[in-house]
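Beneath this line is the structure, given in structure tokens, with notes to follow.
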Amino acid sequence: MIESESAPDFRRLHLLFLCVVLLFGAISVRLWYLQVVKNEEFLIAADKQRTRLLRRLAPRGEIVDAKERVIATSRPNFVISVVPDEIVKYPGVLDRLTQLLHLDPDKVADQMEVGKKTPSDPVPVLEDADIATLSIVEESLLDLPGVFIGTAPKRYYEDKTICSHVLGVVSPISREKLDKLVEKGYRPGDYIGTMGVEASYEKELRGVDGGQYVEVDVKGRMKRALDERKPTPGHTLQLTIDMDLQKVANDALQEQLALGRTGAVVALDPNDGAVLALATTPTFDANRFREDYNKLNSDPLSPLYSRATQTARSCGSPFKLITAMAGLETRNLTTGSGDYCPGFIKLGNRVFRCDKRSGHGHIDFYTAIAASCDVFFYNAGMKVGIDDLAIWAKRFGLGSKTGIDLLSKFESSGVVPTPQWKKKRFKKNPWVGGDVVNLAIGQGYLTATPLQLAVFVSALANGGEVLAPQLVREIRDVSNEKPIVTHRLEKKVRMSVGMKPENQNAVVEGMRRVVQEHGTAAGIVIPGLIVAGKTGTAERIEKHNMVNDSFFVCFAPIDKPKIAIVVMVERGGMGAETAAPIARRLLMQYFNLTTGQASVPVVRRGSGSQRRIVIVPNSGATEKPKPVQSTTPSEPDTAPVPNNEDTTSEKEPMPVDPPAAGENDN
């Protein structure tokens with residue numbers, strides 16, 4: 001008997017069918033998830049694989065002078081860059097590129113290390129590439145995945161050296177700064193201001209970067225350009241500097257530099273503190289800062305150092321104006337005060353001599369200023385006393401930074417010495433009587449920068465306002481068709497001197513007589529322009545030798561002052577012979593005067609009290625050196641003129657940041 005076939009097991013078929021349905025359902029859900037839910041995310045990821053955003057650096061804002069002449073701008077230059085993300089996929093590319101461009105592999109490696117912070121951004125490895133170099137790289141681009149050729153703005157300074165310390169420079173951002181600023185949009189290879197207004201106005205000058213989307217192949221090689229986002233340039237700065245006046249100052253200082261003398265010139269508007277000129281020598285070519293950095297940094301004359309804002313020296317006789325004011329305000333002097341000058345005073349066992357060795361004889365307040373009689377001011381200083389001398393010096397802004405709109409590290413405070421200061425500084429050397437008489441004539445431990453002296457003279461000119469110097473007149477946002485002014489200069493009064501108008505008039509009258517017949521600056525008289533001035537010849541010890549620094553301070557016109565000028569020439573000799581004629585050249589330029597430039601009458605002193613008039617081209621009257629050391633031994637209550645370069649000059653270490661690793665041109 002044949003048994004019938006067993007019935008099929010439909011339960012197993014149903015289970016198999018259910019599994020197939022579930023599998024296809026899961027696949028469908030996954031496909032839906034990937035294609036619908038994740039669609040945008042994968043599109044972005046795909047775009048990232050086939051497109052890349054190449055940053056287009058924004059040009060820094062232009063810098064123009066007071067007359068709208070461009071003095072700093074940006075020019076395009078060719079840059080060869082690499083993308084760290086791509087380079088790591090093809091290790092041999094970097095070696096090939098360094099060989100093609102003759103680059104230092106270690107420097108490029110350092111740049112790549114910094115670039116790891118933002119690995120998708122191109123890192124420049126060669127700037128200012130010439131046509132020949134570009135051709136070589138272009139021919140090899142198929143074998144150089146991750147390498148791009150593009151353009152970027154490069155800072156350019158029109159006048160190269162004339163205004164370098166004011167403008168400053170830009171340099172590739174260092175690794176340390178990048179760590180702090182990466183969140184503010186800075187990237188490896190970006191430039192940042194490192195001194196001058198480039199540094200202090202970095203935020204305003206730096207623009208907003210744009211970008212160019214490009215399509216790349218699987219090896220990261222560019223195929224074609226896509227969308228573009230244009231960069232926004234930085235704001236335009238209009239400086240208070242008049243480049244015509246700046247050039248006159250620079251040319252005059254360069255003539256002194258040819259004689260081995262360094263120096264500085266500062267000109268301010270005493271009404272609002274605007275800096276009209278700020279020149280210093282030696283200077284440097286701002287366009288070659290990176291290439292010349294090592295040479296500049298090792299130069300014994302320190303060209304990166306601004307003598308206008310950082311060199312604090314004893315100023316000599318200009319300080320007598322403060323001694324005179326302190327005497328009048330404390331009622332230790334009056335305009336009717338007189339004295340007898342035999343040519344010296346004795347203090348203990350020490351002799352302090354006058355600038356006129358034969359003595360001025362009987363001398364009054366005004367003549368003491370005009371003739372710069374040291375004996376008169378020795379005695380005045382001892383009457384006033386150190387406490388009031390220091391108070392009035394500080395009231396005029398000495399001993400503290402001026403607040404100019406530069407980074408603080410680029411300015412020295414100077415020193416107004418007091419017994420407490422000396423005890424802290426020298427510990428075992430007590431304050432002595434000789435310190436007071438030295439201070440009274442602007443010698444000894446007193447130091448001030450030319451900028452501080454300009455602020456002090458401006459306060460005398462404007463009635464007692466100690467103003468913060470300002471370099472920027474206006475800031476403009478030029479991102480729109482019509483520029484928008486975002487900042488205008490406003491006067492900043494740091495403090496008030498608090499002097500009585502009659503005392504101000506008395507000191508200014510003495511300054512007027514300085515620039516008249518029989519005054520120490522009689523040789524710089526300008527017909528039709530009444531100038532208030534004061535010459536100075538300051539002693540200091542340099543490399544075991546006594547040298548004289550030449551100073552002249554002034555403002556004009558005397559009734560409605562428009563400009564205050566300070567000239568310092570290190571190792572320049574007599575203030576009337578060297579510094580004063582430079583100030584005269586600035587006054588002639590500022591007031592657009594041309595008469596009397598060929599020959600200037602000069603008062604020269606003979607060995608005694610006789611004077612003679614000679615004609616010297618662009619020269620001025622002499623002023624004898626300040627007190628010299630006696631041959632008699634010193635006693636504890638006396639003090640020699642100290643070496644204020646070695647002990648009191650606040651010459652700080654070079655404040656300019658060194659170039660970042662790998663930033664020098666190859």
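Side notes on the structure shown:
- Looking across segment 534-548, just one residue is over 14 Å from PHE319 (Cα atoms) and crowded, with 24+ Cβ neighbours inside 10 Å, and that is ARG540.
- Residue that is farthest from PRO270 (Cα to Cα), among those in segment 384-404 that are out of contact with any Lys or Arg (no Cβ under 9 Å at 6 or more places or on another chain), open to solvent by 30 Å² or more (accessible area, probe 1.4 Å) and in a loop (DSSP other than H, G, I, E, B): GLY399
- Sub-6 Å Cβ pairs linking a first residue in segment 384-412 that is touching a residue at least 40 places away in the same chain (Cβ under 8 Å) to a second residue that is open to solvent by 30 Å² or more (accessible area, probe 1.4 Å) and small (Gly, Ala, Ser), at least 6 apart or interchain, are ASP405/SER200; LEU406/SER200; LEU407/SER200, ordered by first then second residue.
- Failed item, numbered, when ALA308 is tested on (1) without any contact (Cβ under 8 Å) to a residue 60 or more places away in the chain; (2) within 27 Å of LYS394 (Cα to Cα); (3) touching a strand residue (DSSP E or B) at 6+ places or on another chain (Cβ under 6 Å): (1)
- Filtered residues of segment 312-349 (kept if of a type in the set (S, T, N, Q) and closer than 24 Å to MET511 by Cβ): SER314, SER317, THR323, THR330, ASN332, THR334, THR335, SER337
- Residue identified as buried (at least 19 other Cβ atoms within 10 Å of the Cβ), modelled with pLDDT of 75 or more and either among the hydrophobic types (A, V, I, L, M, F, W, C) or touching a Gly at 6+ places or on another chain (Cβ under 7 Å) (or both) among LEU57, LEU100, LEU15: LEU57
- Output for segment 560-584, where each listed residue is under 16 Å from LEU257 (Cβ atoms) and under 24 Å from the mean Cα position of the chain (by Cα): VAL567, MET568, VAL569, GLU570, ARG571, GLY572, ALA579, ILE582
- Residues that are open to solvent by less than 40 Å² (accessible area, probe 1.4 Å) and over 13 Å from ASP355 (Cβ atoms) within segment 520-533 comprise ALA521, ALA522, GLY523, ILE524, ILE526, LEU529, VAL531, ALA532, GLY533, listed in sequence order.
- Single condition GLN49 does not satisfy, out of (1) among the polar types (S, T, N, Q); (2) at pLDDT 70 or above; (3) closer than 26 Å to ASP121 by Cβ; (4) open to solvent by 70 Å² or more (accessible area, probe 1.4 Å): (2)
- Residues within segment 562-594 that are farther than 17 Å from GLY528 by Cα, aliphatic (A, V, I, L, M) and open to solvent by 10 Å² or more (accessible area, probe 1.4 Å), tallied: 1
- Test: residue in segment 258-267 that is polar (S, T, N, Q) and touching an Asp or Glu at 6+ places or on another chain (Cβ under 9 Å): yes
- Being out of contact with any Phe, Trp or Tyr (no Cβ under 7 Å at 6 or more places or on another chain), at pLDDT 85 or above and either open to solvent by 30 Å² or more (accessible area, probe 1.4 Å) or among the charged types (D, E, K, R) (or both) is not true of PHE42.
- Strands (runs of 3 or more DSSP E) lying entirely in segment 249-359 (those with 1 or more residues that are within 23 Å of GLU539 (Cα to Cα), among the aromatic types (Phe, Trp, Tyr) and open to solvent by 10 Å² or more (accessible area, probe 1.4 Å)): 344-347
- Test for ASP435: is it under 18 Å from VAL384 (Cα atoms), acidic (Asp, Glu) and in contact (Cβ under 8 Å) with a residue 60 or more places away in the chain: yes
- Here ALA308, ALA267 are screened, and the one residue that is of a type in the set (Gly, Ala, Ser) and in contact with a Phe, Trp or Tyr (Cβ under 8 Å, 6 or more places away or on another chain) is ALA267.
The values are calculated or read from the model by the stated rules, or taken from the named source; none is laboratory data. Values in this document were obtained by computation on a predicted structure and should not be read as measured data. Here Cβ is always computed from backbone atoms with ideal geometry, including for glycine, and neighbour counts include all displayed protein chains. Surface areas here come from the heavy atoms of the whole protein model, side chains and all, with no ligands, DNA or RNA. Shrake-Rupley method; radii C 1.70, N 1.55, O 1.52, S 1.80 Å.
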